[in-house]
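Worksheet: one structure, shown below.
No value in this document is a laboratory result; all are computed from the given coordinates. All figures in this text were calculated on a predicted structure; none of them were measured in a lab. With ideal geometry, Cβ positions are generated from the backbone for all residues, glycine too; neighbour counts draw on all protein chains shown.
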Amino acid sequence: MKKTIHRSDSRGLADHGWLKSRHTFSFADYYDPQRNRFGLLRVLNDDIVEPGKGFGSHPHDNMEIVSIPLKGALAHKDSEGNEHVINSGDVQIMSAGSGLYHSEYNASKTEPVNFLQIWVFPKAKDITPRYDQRTFNAKDRDNLVQTVISSEKSEKKLWINQDAYFSLCSIEKGKKVRYKINKNGNGLYIFVIEGTVKTDGEILNRRDAIGLEELENIEITAEGNCEILLIEVPMVI
């Protein structure tokens, strides 16, 4: 099994006043030739946006874009007529496909919003742009792997235009979960949202991450109460 470790403090930093963003992979003014992507996972940004501020309308195409609010609420609007607010507990996916414009703003005038924005290269290009979001019950991930995005269409999960899977998990101190790869050849990127975990002999703290390749399954142990995001993606374009 091959592994790549990305420590929290090794991420790129952008501070625009109204926006503070940590970039796991090369993005905007942050460039590291060794950190352009993990397989088809292209972007993992950890953004904090000040009250009432946000990203004005801007274009995207041929990218699967996932937004996961950790604290606060995010207002979304796009050129396809979608206008929604996503809150902590929600997951949003947008297939940019053949092209669209969208904006994202902090929905609150008083509290900051912290959200993860994640980009995955698509399987099929130039599809009709698509938007979806869903609220997931946090209790369904207590010491369990809760898959929230899947390549298989389902009423219980969001669909992604790629052989990829996103899962969330909350693990109590001393408890373990095991993740099984869904598709042969995929890699797994584990991002620690909160807490401390141990996997493959490595200790990972808050906002640390590990990318694992050439595996069938992996055990993850909570060294303290923790929340993790698991992103399974193809490793070859």
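Sequentially through the range 19-34, phi angles give Karplus couplings (6.51, -1.76, 1.60; θ = phi - 60°) of 10, 10, 9, 10, 10, 5, 10, 3, 7, 6, 7, 8, 9, 9, x, 8 Hz, Gly and Pro residues having no value and appearing as x.
For the range 12-129, averaging the sequence separation of C-alpha pairs within contact (under 8 Å, six or more residues apart) and dividing by the residue count gives a relative contact order of 31 percent.
Taking log10 I(q)/I(0) by the Debye sum over Cα atoms at q = 0.09, 0.12, 0.14, 0.18 Å⁻¹ as the quantity of interest, determine which of (1) -0.35, -0.64, -0.90, -1.58; (2) -0.37, -0.65, -0.88, -1.43; (3) -0.44, -0.75, -0.96, -1.33 was computed from the displayed structure. The calculated read-out lines up with (1). Our coupling estimate for the range 44-59, obtained by passing each phi through the Karplus curve with A = 6.51, B = -1.76, C = 1.60 and θ = phi - 60°, is 9, 9, 10, 9, 10, 10, 5, x, x, 9, x, 9, x, 4, 8, x Hz, Gly and Pro reported as x.
Rounded to the nearest 20, the size of the Cβ-charge dipole of the chain about its Cα centre is 320 debye, with Lys and Arg at +1 and Asp and Glu at -1. Computed about its Cα centre, the charge dipole of the range 93-226 is approximately 340 debye, with only Lys, Arg, Asp and Glu carrying charge at their Cβ. At an R0 of 41 angstrom, the distance between the Cβ atoms of Asn182 and Asp29 translates into a FRET efficiency of 0.70.
For the pair the range 7-48 and the range 93-150, the centres of their Cα atoms are 18 angstrom apart. Per-residue packing, averaged as other Cβ atoms within 10 Å, sorts the ranges 22-34, 102-114 into the order 102-114, 22-34, beginning with the highest. Residue-wise HN-Hα couplings along the range 193-209, as the Karplus relation 6.51 cos²θ - 1.76 cosθ + 1.60 with θ = phi - 60° gives them from phi, are 6, 9, x, 9, 10, 10, 8, 6, x, 10, 9, 10, 9, 3, 6, 6, 8 Hz; Gly and Pro carry x.
Which of rounded, prolate, oblate describes the range 96-237, given a ≥ b ≥ c as roots of the alpha-carbon gyration tensor eigenvalues and a/c under 1.5 marking rounded, otherwise prolate only if a/b is larger than b/c? In terms of gyration-tensor shape, oblate.
Put in order of Cβ neighbour count within 10 Å, fewest first, the listed residues Arg11, Arg130, Arg178 become Arg178, Arg130, Arg11. Simple rule: put +1 on each Lys or Arg Cβ and -1 on each Asp or Glu Cβ in the range 71-212, find the dipole, and look at Ala73, Thr199, Asn184; the Cα lying farthest toward the positive end is Thr199.
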